[in-house]
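Notes for the one structure printed next.
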Amino acid sequence: MTQTPHIAVVGAGILGASIAYHLARRGAQVTIVDEGTPANRATHGSFAWINAHNPKDETYFQFRMASIRLWKDLATTLPALPVRFDGTLNWEDNPDEIEEVQRALNDGGNPARLVSRKQINEIEPNLAAAPEVAIDASTEGVADPARIAEAFLFAALAQGATLRTNAKVLGLTFEQGRVAGVEIPEGIVEADATVLATGVATAELLAAHDFTLPMDNAPGLLIGTAPVAKVTERVLTSMSLHVWQKDDGALLLGEDFGGTDPSEGVDAIIERVLCKLDGYFKGVDRAEVTTTTIAKRPMPADSYPALGAVPGFNDLWVATTHSGITLAPIIGESLATEILDGKLVKALHPYRVSRFAGQA
Ligand SMILES: Cc1cc2nc3c(=O)[nH]c(=O)nc-3n(C[C@H](O)[C@H](O)[C@H](O)COP(=O)(O)OP(=O)(O)OC[C@H]3O[C@@H](n4cnc5c(N)ncnc54)[C@H](O)[C@@H]3O)c2cc1C
C-alpha cells in the first residue's frame, strides 16, 4: 500500500463511520460515500445497547468484551461520542438459571453481580415492581443511535477524511485485476482499497460481482417517547420490555432490543408496548410516543459477523454484522490494521467473510 493510501469506505452507518475514523487517525486518506445521509438505516433504528450478554459462545463473547473495552478507550479519546456506561439490569432469564448465567458472565470477564429485590429497589428506585433477582452488569452501556455515527464521522473528518452524501455506489470498478474504487452517478471514486460497510445492501453489491453473501436480515420496530422525568440510568432488559432513557429524558423501548417484527401492524405493537410501560416506572403514566423506527438488522446467515478481505478480489474488504453498535470499535480498529499494515488480526479469524466463498 502507498505511503498515504486512499481508502474508499462505502456506507456511513456506525461500521463505516468507525472504520473511517480508525483509518483516518492512522494517516490514511479516507473518502466515505453514502447513498443518503449518514446513519439512515440500521444504525438509526437500533436499540444501541453495548453488551456482552451471552457467554455460551466463549470466542464471540470475548470478541464483544474486547469491543466494550475499546469503546471505553474511545469515550476517553473522543469525549464527544454519545456513549455512556451505566450498566444493564437484566432479568430475562429464568430465576432458577440466573445464578448460572451470572457465573458464566463472570468467568468470561463480565463483572456482573446478582442483585436481590431489596438491592434492586436501592439502585433502581423508580421501578414499580422490581423482580426477585436480576443481573447487574455494570460494564455495559448504550450509544445514542441517532447521533453515534455522525459523532464518529465528525472525528474522522477532523482527521482529514472526506464525506460524500447522496452518492449511491452503483458498483465496483476494476483495474489490472484489482478493485480500484467505486462508481457513483457523478463518476468514479478511485481508491487503493475499498471497504463495503453497507449493512443489508452489502449482499446485493457483492452479488453483482458474483460473490454470494447469505444474509438473514430481520426487521425490528422500536418506539421513542417524549421526555419523561428521570427514571433510570441503566439499560433495563426484562422478558417483556427492553428500555433505556436518553440524556434528554426520552425513553427508547421495545419488546426486545432487536425490536418487534412490524408485520402484525405498527399501531397494535405500539399499543401493546405502551401497556407494558404503564406502571413499569413509578410516576410515569402513559408516555407520549414521538418516534417509531423500523429497520432491518444486517444478519449474516450463520448469525456471526462477515468481515475482512473478500476472497477472489484484490483490495476489497467488507464489514457487515448484527450487534454493530457493540462491535464497531473492534471492527474499525481491526480492519484498519489489516488494510494499512497488511497483517491479519487473529480476533477476526472466526468471522471472516471468506467462510462464505463458493456458496451459490
Ligand atoms: C431494531 C434494531 C435493534 C438493534 N439493537 C442493537 C443493539 O442493541 N446493540 C447492537 O450492538 N446492535 C443492535 N442492532 C444492530 C446494529 O444497529 C447494526 O448492526 C448496525 O447499526 C449496522 O451498522 P452498519 O453501519 O453496518 O449498517 P447501516 O447502519 O445500515 O449503514 C449502512 C449504510 O450504507 C449505506 N449504503 C447502502 N448501500 C449503499 C450504496 N449502494 N451506496 C452508498 N451507500 C450505501 C446506507 O445508506 C447506510 O447509511 C440493532 C439493529 C436494529 C435494526
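Values quoted throughout were computed directly from the atomic coordinates according to the rules given, and no laboratory measurement underlies them. Just so you know, these numbers come straight off a predicted model, no measurement behind them. Cβ coordinates were reconstructed from backbone atoms using ideal geometry, including for glycine residues, and neighbour counts include every protein chain displayed.
For region 232-254, the candidate set comprises residues that are β-branched (Val, Ile, Thr) and in a strand (DSSP E or B); within that set, the residue that is nearest to residue 92 (Cα to Cα) is 237. The strands (runs of 3 or more DSSP E) found wholly in region 1-120 and carrying at least 1 residues that are in contact (Cβ under 8 Å) with a residue 12 or more places away in the chain, within 10 Å of the ligand (Cβ to nearest atom) and out of contact with any Ser or Thr (no Cβ under 8 Å at 6 or more places or on another chain) occupy 29-33. Of the numbered criteria (1) under 30 Å from residue 280 (Cα atoms); (2) assigned to a loop (DSSP other than H, G, I, E, B); (3) small (Gly, Ala, Ser); (4) within 16 Å of the ligand (Cβ to nearest atom), the one residue 229 fails is (4).
Checked against (1) in contact (Cβ under 8 Å) with a residue 24 or more places away in the chain; (2) not in a loop (DSSP other than H, G, I, E, B), residue 322 meets all criteria but (2).
Taken over region 198-211, the criterion of being surrounded by 14 or more Cβ atoms within 10 Å (Cβ to Cβ) and not in a helix (DSSP H, G or I) is satisfied by 198, 209, 211.
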